[in-house]
Amino acid sequence: MTDDSTADNAAAGEKTVVRRDRFSGGPAREFLSSLAGDSRIFAADLAVDRAHVVMLAEQGIISDEEAGSILSALEAVETAGHSALASGEDVHEAIESAVIDRIGPDGGKMHTARSRNDEVAACIRYRLRGDLLEAAETTLGLREVLLEAAAAHTETIMPGYTHLQAAQPITVGHFLMSYVSAVERDTARLLEAFDRTNGSPLGGAAFAGTPFDIDRERTAELLGFDRVVENSMDASSARDFLAEATAALAIHATTLSGLAEDIIVYANKGYVDLSDDYSSTSSIMPQKKNPDTLELTRAVAGDAIGELTGLLSTLKGLPRAYNRDLQRAHPHTFRAVDAVVEASAVAAGAVSTANWDAEVLAAEAGDGFSTATGIADLLAMAGLPFRTAHEVVARAAETAEDDEAAVSAALLESATQAVLAESLFEYVEQSALEAALDPAHSVATRNSQGGPAPEALEQTVAGARKTLTADSNALAERQSALSEAEERLRTEVETYV
Ligand code: ARG
């Protein structure tokens, strides 16, 4: 069937069945049907149907009695469940048929002044809202465990890396807080995607509006949407909200993949021990303890990016207005949200149960002359141009590497003599130099805003706690707006049945 027959359907009762059979019975029946996958929007469709029927009755487009019997039939359809629906092109058609089967041709009045085009768009948005809030909630959980671990490790020194090479000593807390910041933005993106998703396309009809005196604001309100998607053509065609949601999910998955990779590498170096619950063993090598949960987490980014690519490829170049391609758009987003929510929760579990080995980390923190930048900073603070200081320390590093020796105050002194033909100790005291060679001291000096010094880090942690509370409130607000709308709709429906 095509929705071109909608007006006939609504007006002509029995004739509906004839036209449907004519267009849905061919060899492509299975290919055309989205019914199986539509289980995801079964509950959404019932809500959309209910809101629409209540509005039709309020507007006097159908009678209260007709609304009552349709709403009762919908209740029975809900109780029977998605799996009880007869085969059909999609959940919208199947539910409508089930209603007509129960109460006769008047059931077809449910589809007055709408189309499956605005209907499916409303269902996707309705369902996705909940999914996005769940995804946002998972990111809050991850932030919480990262924050907790960070707060416990504000003084746990570790090597920090760039290009996978030891670069400057930091703390475990500082490393973890870098991911808190990233996940904060992931949360914000998911909530923004929610806000953009939360508009009602219902009442746009096929794409060109309807002559019936409908109230689009009312169905929006009954469904908890915070606005109407105004242009009727945009209402049934727009899927950029899917792209935005999937992008937000793919970005979060990318954040997770980096976190997973870091912890995999750190576990490999013996810096952190994953809980057995988040590890697997080998079926043949009895001694192995593998970070499989984090490897799978890392791989989920591939899934999410694939879904985003598939979605955008489907949407690219689609003309206005509705095209059936759109039936294959939203499943990308639903698959992405399922995979990413699961990965995010697993990452949180792995982080919260991991054990950081402070001793091993401290022993490695100075490796690769990671305090070099601190020494150069010290010389620059004493008055040497930073570039000159850089050269002196680079010379010391080179000599140390050639001699396979550690960098010492003496070595730095001879490097200074070689480069500047003067003594280092004209600039700094030996004790200050020796302190700067100590990784813990080096960390403590980097007390700039957002830096790794325990004091600065504690500030960051405190700020992130506040942001977490604010975001939890923002989430709770949206969650309760949705449940209040559900409650409102239920109350309205009860007045008819
Ligand atoms: N199952 C369809 C979808 O998901 C519903 C809309 C069908 N509309 C149409 N004109 N064929 O997109």
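Observations on the model:
- Size-normalised alpha-carbon gyration radius of segment 343-497, reference 2.2 N^0.38 Å: 1.80
- Whole-Å distance, taken between Cα centres, linking segment 417-479 and segment 88-115: 65 Å
- Taking a straight line from the alpha carbon of residue 269, these lysines sit under 17 Å away, with near neighbours fewer than eight places off in the same chain left out: 288, 289.
- For residue 228, distant residues with modelled amide H under 5 Å away: 200
- Once the Cα-Cα distance is subtracted from the 0.36 nm per residue extended length, the residue 417 to residue 292 segment shows a gain of 39.8 nm.
- Cα-based reach from residue 109 at 30 Å (exclusive), listing lysines while leaving out same-chain residues under 8 positions away: 15
- Cut-off under 5 Å, modelled amide H: who pairs with residue 272 long-range: 267, 357
- Principal-axis tilt of helix 292-315 within the chain, Cα atoms, nearest 10 degrees: 50 degrees
- Net charge of the neighbourhood of residue 279, taken over other residues with C-beta under 14 Å away and scored Lys/Arg +1, Asp/Glu -1, is -3.
- C-alpha long axis of helix 454-494 to longest principal axis of the chain, angle in °: 10 degrees
- Residue 86-residue 273 FRET efficiency (beta carbon distance; Förster radius 45 Å; 0.05 resolution): 0.25
- Paired Rg and Dmax values of the chain, which use every Cα atom, in angstrom: 30.9, 102
- Nonlocal amide H pairs with residue 281, under 5 Å, H built at 1.01 Å: 290
- Using the Cβ-Cβ distance between residue 470 and residue 448 with R0 set to 30 Å, the FRET efficiency works out to roughly 0.75.
- By average C-beta atoms within 10 angstrom, highest first, the peptides 204-215, 247-258: 247-258, 204-215
- Over all other residues within a Cβ to Cβ distance under 12 Å of residue 417, the charged ones net out to -2, with Lys and Arg as +1 and Asp and Glu as -1.
- Residue separation of residue 75 and residue 487 scaled by 0.36 nm, minus their Cα-Cα distance, works out to 146.8 nm of gained length.
- Note on the chain: helix-only mean residue ellipticity at 222 nm, from DSSP H runs of 4+ residues weighted -39500 (n - 2.57) and normalised by residue number, equals -21500 deg cm²/dmol.
- Using R0 = 25 Å, the C-beta based FRET efficiency linking residue 363 and residue 431 works out to 0.60.
- Whole-Å distance, taken between Cα centres, linking segment 122-185 and segment 240-313: 14 Å
- Helix 91-103 vs. the chain, principal-axis angle (Cα, 0 to 90°, nearest 10): 30 degrees
- Sum of side-chain charges, residue 255 neighbourhood, beta-carbon under 9 Å (Lys, Arg +1; Asp, Glu -1): 0
Here, each number is a calculation from the coordinates, and none is a lab measurement. Computed from a predicted model, the values in this text were never measured in an experiment. Here Cβ is always computed from backbone atoms with ideal geometry, including for glycine, and neighbour counts include all displayed protein chains.
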